[in-house]
Amino acid sequence: MLEIYVDADACPVKDEVVRVAERHGLPVYIVSNSGMRPSGHPLVRPVVVAEGPDAADDWIVEHIAPGDICVTSDIPLAARCLKQGGQALRPDGSLFTEQSIGMALAMRDLMKNLREAGDVKGNNAAFGKADRSRFLRELEQLIQAARRR
C-alpha cells in the first residue's frame, strides 16, 4: 500500500497532505523530532523521533518503500528516499528525480560554501499560493500514477 511520509518540522503543507491522503485513504506519517500538535485524524500517524540532526531523516529512510512518497525540502533526505525506490516531493510542488538530484545536491553544497564565505545571503523565496497549488496538483498526480502501476 502506498504511504506518505512528511518531514514535518518545517513543512508548510502538512494539512494539504492530509486532505489529499484522505481522498485516497492513504496513511500519512508526520515525522518530527519535536512534538507536533496531534491531528486526531485516523489516517495520520505522528512519529516523534529522538533529538538529533538526522533522526527524522533516518526514520523515514528506514520505513519508506518503493513507490512511497516523502514530502521534504531536505535534499540529502530526498536523495536517500530515491535510493530506496521512493519518491520525493518538495512543499513547493517540485519533484526530485534521479535525473535532478545530483544537480540539486551540487547546488546545495555550492550555496552552502558561498554563504559560509559571505558571498551570498541565505534568503529563500517566500512560500505562496502558487506553490501550494502546484504542490496539491503534483501530489495528486503522484498518487494517481502510483495507483495505475
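The values are calculated or read from the model by the stated rules, or taken from the named source; none is laboratory data. Predicted, not measured: the structure shown is a model, and the values here were computed from it. Using ideal geometry, Cβ is built from the backbone for each residue, glycine included, and neighbour counts are taken over all protein chains shown.
A few remarks follow.
- Filtering region 52-66 to residues that are assigned to a helix (DSSP H, G or I) and not aliphatic (A, V, I, L, M) leaves D57, D58, W59, E62, H63.
- Of everything in region 58-101 that is acidic (D, E) and in contact (Cβ under 8 Å) with a residue 40 or more places away in the chain, the residue that is surrounded by the fewest Cβ atoms within 10 Å (Cβ to Cβ) is D92.
- Selection from region 68-119 of residues that are over 19 Å from P53 (Cα atoms), modelled with pLDDT of 90 or more and out of contact with any Leu (no Cβ under 9 Å at 6 or more places or on another chain): L82, K83, Q84, G85, G86, R90, P91, D92, S94
- Within region 1-17, the residues that satisfy the criterion of being modelled with pLDDT under 95 and over 12 Å from the mean Cα position of the chain (by Cα) are M1, D15.
- Residue in region 7-24 that is free of Cβ contacts under 8 Å to residues at least 24 places away in the same chain, over 16 Å from Q87 (Cα atoms) and either assigned to a loop (DSSP other than H, G, I, E, B) or among the hydroxyl-bearing types (S, T, Y) (or both) present: no
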